[in-house]
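Handing you this structure, nothing more for now.
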Amino acid sequence: MPTMWLSDTQKIGVAFCSGGGFFLIGGVMLFFDRAMLAMGNILFLIGLTIIIGPQKTLLFFARKQKAKGTAAFFLGLLLILMRWALIGFCVELYGIIILFGDFLGTIASFARNAPVIGPYIGMLIDRVPGFGARRNAELPV
(Lines give C-alpha, C1' and ligand atoms only; values in the text may rest on other atoms or scores of the structure.)
Protein backbone atom coordinates (compact mmCIF):
# COMPACT_ATOMS: atom_id res chain seq x y z
CA MET A 1 0.00 0.00 0.00
CA PRO A 2 1.46 3.40 -0.94
CA THR A 3 2.21 5.82 1.84
CA MET A 4 0.22 9.03 2.13
CA TRP A 5 1.87 12.42 2.13
CA LEU A 6 -0.06 13.40 5.28
CA SER A 7 1.48 13.32 8.72
CA ASP A 8 -0.24 11.38 11.50
CA THR A 9 -1.72 14.59 12.91
CA GLN A 10 -3.10 15.56 9.51
CA LYS A 11 -4.65 12.10 9.13
CA ILE A 12 -6.52 12.73 12.38
CA GLY A 13 -7.67 16.06 10.92
CA VAL A 14 -8.96 14.26 7.82
CA ALA A 15 -10.90 11.91 10.12
CA PHE A 16 -12.44 14.92 11.89
CA CYS A 17 -13.38 16.55 8.57
CA SER A 18 -14.89 13.28 7.32
CA GLY A 19 -16.86 12.91 10.54
CA GLY A 20 -18.07 16.48 10.14
CA GLY A 21 -19.19 15.73 6.60
CA PHE A 22 -21.07 12.63 7.74
CA PHE A 23 -22.76 14.58 10.52
CA LEU A 24 -23.75 17.31 8.06
CA ILE A 25 -25.20 14.75 5.64
CA GLY A 26 -26.98 13.03 8.52
CA GLY A 27 -28.36 16.35 9.75
CA VAL A 28 -29.77 17.10 6.30
CA MET A 29 -31.22 13.58 5.98
CA LEU A 30 -32.92 13.97 9.36
CA PHE A 31 -34.74 17.08 8.15
CA PHE A 32 -32.13 19.62 9.26
CA ASP A 33 -31.53 18.32 12.77
CA ARG A 34 -29.93 21.22 14.59
CA ALA A 35 -27.68 19.13 16.85
CA MET A 36 -26.22 17.07 14.01
CA LEU A 37 -25.63 20.12 11.81
CA ALA A 38 -23.88 21.94 14.66
CA MET A 39 -21.73 18.88 15.46
CA GLY A 40 -20.82 18.52 11.79
CA ASN A 41 -19.74 22.16 11.60
CA ILE A 42 -17.65 21.92 14.75
CA LEU A 43 -15.95 18.71 13.60
CA PHE A 44 -15.26 20.22 10.19
CA LEU A 45 -13.66 23.33 11.69
CA ILE A 46 -11.57 21.26 14.11
CA GLY A 47 -10.44 18.98 11.27
CA LEU A 48 -9.53 21.89 9.01
CA THR A 49 -7.54 23.48 11.84
CA ILE A 50 -5.67 20.23 12.49
CA ILE A 51 -4.92 19.66 8.79
CA ILE A 52 -3.53 23.08 7.87
CA GLY A 53 -2.71 24.49 11.31
CA PRO A 54 -4.31 27.22 13.40
CA GLN A 55 -2.38 30.12 11.89
CA LYS A 56 -3.13 29.16 8.28
CA THR A 57 -6.77 28.53 9.18
CA LEU A 58 -7.12 32.02 10.65
CA LEU A 59 -5.34 33.54 7.65
CA PHE A 60 -7.61 31.62 5.27
CA PHE A 61 -10.81 32.82 6.92
CA ALA A 62 -9.49 36.37 7.45
CA ARG A 63 -8.49 37.07 3.84
CA LYS A 64 -10.10 40.13 2.31
CA GLN A 65 -11.23 38.19 -0.80
CA LYS A 66 -12.98 35.61 1.38
CA ALA A 67 -14.70 38.03 3.79
CA LYS A 68 -18.17 37.50 2.31
CA GLY A 69 -17.80 33.71 2.44
CA THR A 70 -16.45 33.77 5.98
CA ALA A 71 -19.29 36.01 7.17
CA ALA A 72 -21.89 33.80 5.49
CA PHE A 73 -20.37 30.60 6.90
CA PHE A 74 -20.25 31.82 10.48
CA LEU A 75 -23.64 33.54 10.21
CA GLY A 76 -25.09 30.23 9.02
CA LEU A 77 -23.46 28.43 11.95
CA LEU A 78 -24.91 31.02 14.33
CA LEU A 79 -28.38 30.63 12.77
CA ILE A 80 -28.17 26.86 13.19
CA LEU A 81 -27.28 27.29 16.85
CA MET A 82 -30.21 29.72 17.23
CA ARG A 83 -32.62 26.99 15.97
CA TRP A 84 -33.07 28.32 12.44
CA ALA A 85 -31.55 25.18 10.92
CA LEU A 86 -32.88 25.37 7.34
CA ILE A 87 -32.08 29.04 6.80
CA GLY A 88 -28.75 28.67 8.60
CA PHE A 89 -27.77 25.70 6.47
CA CYS A 90 -28.60 27.56 3.25
CA VAL A 91 -26.57 30.60 4.33
CA GLU A 92 -23.71 28.36 5.43
CA LEU A 93 -23.78 26.44 2.14
CA TYR A 94 -23.45 29.75 0.29
CA GLY A 95 -20.44 30.59 2.46
CA ILE A 96 -18.84 27.20 1.81
CA ILE A 97 -19.26 27.64 -1.94
CA ILE A 98 -17.66 31.10 -1.77
CA LEU A 99 -14.82 29.89 0.48
CA PHE A 100 -13.99 26.58 -1.19
CA GLY A 101 -15.36 27.12 -4.70
CA ASP A 102 -11.87 27.53 -6.16
CA PHE A 103 -10.98 24.07 -4.88
CA LEU A 104 -13.81 22.32 -6.77
CA GLY A 105 -11.74 22.02 -9.94
CA THR A 106 -9.05 20.16 -8.02
CA ILE A 107 -11.65 17.81 -6.56
CA ALA A 108 -13.08 17.22 -10.04
CA SER A 109 -9.69 16.31 -11.50
CA PHE A 110 -9.03 13.97 -8.56
CA ALA A 111 -12.41 12.27 -9.02
CA ARG A 112 -11.76 11.92 -12.76
CA ASN A 113 -8.76 9.70 -11.96
CA ALA A 114 -10.72 7.28 -9.75
CA PRO A 115 -10.16 3.70 -10.92
CA VAL A 116 -13.63 2.36 -11.81
CA ILE A 117 -15.99 5.32 -11.83
CA GLY A 118 -13.51 7.95 -13.01
CA PRO A 119 -14.51 7.93 -16.70
CA TYR A 120 -18.18 8.30 -15.79
CA ILE A 121 -17.41 11.18 -13.43
CA GLY A 122 -15.32 12.71 -16.22
CA MET A 123 -18.29 12.59 -18.59
CA LEU A 124 -20.47 14.34 -15.99
CA ILE A 125 -17.82 16.97 -15.34
CA ASP A 126 -17.43 17.68 -19.05
CA ARG A 127 -21.17 18.38 -19.35
CA VAL A 128 -21.08 21.14 -16.72
CA PRO A 129 -19.62 24.30 -18.30
CA GLY A 130 -16.62 25.78 -16.52
CA PHE A 131 -16.48 23.12 -13.80
CA GLY A 132 -13.78 20.86 -15.21
CA ALA A 133 -11.32 23.65 -15.91
CA ARG A 134 -9.03 24.18 -12.95
CA ARG A 135 -8.21 27.76 -12.16
CA ASN A 136 -4.96 28.73 -10.50
CA ALA A 137 -6.58 29.69 -7.25
CA GLU A 138 -5.06 30.23 -3.86
CA LEU A 139 -5.82 27.14 -1.85
CA PRO A 140 -5.59 27.02 1.94
CA VAL A 141 -2.85 24.35 1.94
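The values are calculated or read from the model by the stated rules, or taken from the named source; none is laboratory data. Bear in mind the structure is a predicted one, so any value in this text is a computation, not a measurement. Glycine also receives a Cβ, built like all others from the backbone with ideal geometry; neighbour counts cover every protein chain displayed. Calculation scope for accessible area: heavy atoms of the full protein, side chains included, ligands and nucleic acids excluded. Shrake-Rupley method; radii C 1.70, N 1.55, O 1.52, S 1.80 Å.
Examine region 2-17 for a residue that is surrounded by 13 or more Cβ atoms within 10 Å (Cβ to Cβ) and in contact with a Pro (Cβ under 9 Å, 6 or more places away or on another chain), and state whether such a residue exists.
no
Quick check on region 117-135: of everything there that is modelled with pLDDT under 85 and open to solvent by less than 40 Å² (accessible area, probe 1.4 Å), which residue is nearest to Leu48 (Cα to Cα)?
Gly132
Same structure again: Just checking, which of Leu59, Leu77 is within 14 Å of Glu92 (Cβ to Cβ) and either open to solvent by 50 Å² or more (accessible area, probe 1.4 Å) or not polar (S, T, N, Q) (or both)? Can you show your working first?
Working: Leu59 fails: within 14 Å of Glu92 (Cβ to Cβ).
The match here is Leu77.
Could you tell me which numbered condition Phe23 fails, if it satisfies all but one of (1) of a type outside the set (Val, Ile, Thr); (2) open to solvent by 90 Å² or more (accessible area, probe 1.4 Å); (3) closer than 19 Å to Phe73 by Cβ?
Among (1) of a type outside the set (Val, Ile, Thr); (2) open to solvent by 90 Å² or more (accessible area, probe 1.4 Å); (3) closer than 19 Å to Phe73 by Cβ, Phe23 violates only (2).
While we're here: Which residue out of Thr70, Thr106, Thr9 is within 30 Å of Met123 (Cβ to Cβ), among the β-branched types (Val, Ile, Thr) and out of contact with any Ser or Thr (no Cβ under 7 Å at 6 or more places or on another chain)?
Working: Thr70 fails: within 30 Å of Met123 (Cβ to Cβ); Thr9 fails: within 30 Å of Met123 (Cβ to Cβ).
Of the residues listed, the single one that is within 30 Å of Met123 (Cβ to Cβ), among the β-branched types (Val, Ile, Thr) and out of contact with any Ser or Thr (no Cβ under 7 Å at 6 or more places or on another chain) is Thr106.
Still on this model: Of all residues in region 97-111, which are aliphatic (A, V, I, L, M), open to solvent by 50 Å² or more (accessible area, probe 1.4 Å) and either more than 19 Å from Thr57 (Cα to Cα) or modelled with pLDDT of 85 or more (or both)?
Going through region 97-111, the residues aliphatic (A, V, I, L, M) turn out to be 97-99, 104, 107-108, 111.
Among the residues that remain, those that are also open to solvent by 50 Å² or more (accessible area, probe 1.4 Å) are: 97-98, 104, 107.
Correct list: Ile97, Ile98, Ile107.
While we're looking at this one, here's another question. Hey, could you check region 20-43 for residues that are among the hydrophobic types (A, V, I, L, M, F, W, C) and touching a residue at least 24 places away in the same chain (Cβ under 8 Å) and say which is farthest from Phe89 (Cα to Cα)? Outline the logic, then answer.
Step one: filter region 20-43 for residues among the hydrophobic types (A, V, I, L, M, F, W, C), giving 22-25, 28-32, 35-39, 42-43.
After this cut, where a residue has to be touching a residue at least 24 places away in the same chain (Cβ under 8 Å) as well, the list is 28, 32, 37-38, 43.
Details: Val28: 9, Phe32: 8, Leu37: 8, Ala38: 10, Leu43: 15 Å.
Among residues in region 20-43 that are among the hydrophobic types (A, V, I, L, M, F, W, C) and touching a residue at least 24 places away in the same chain (Cβ under 8 Å), the one farthest from Phe89 (Cα to Cα) is Leu43.
Can you go through Ala72, Ala114, Ala85 and tell me which one is open to solvent by less than 40 Å² (accessible area, probe 1.4 Å) and either under 16 Å from the mean Cα position of the chain (by Cα) or not aliphatic (A, V, I, L, M) (or both)?
Ala72
Which pairs do you get when a residue that is under 13 Å from Ile97 (Cβ atoms), found in region 62-73, comes within reach of a residue that is not in a helix (DSSP H, G or I), reach meaning Cβ atoms under 9 angstrom, with the pair 6+ apart or on two chains?
Within 9 Å, the pairs are Thr70/Arg63.
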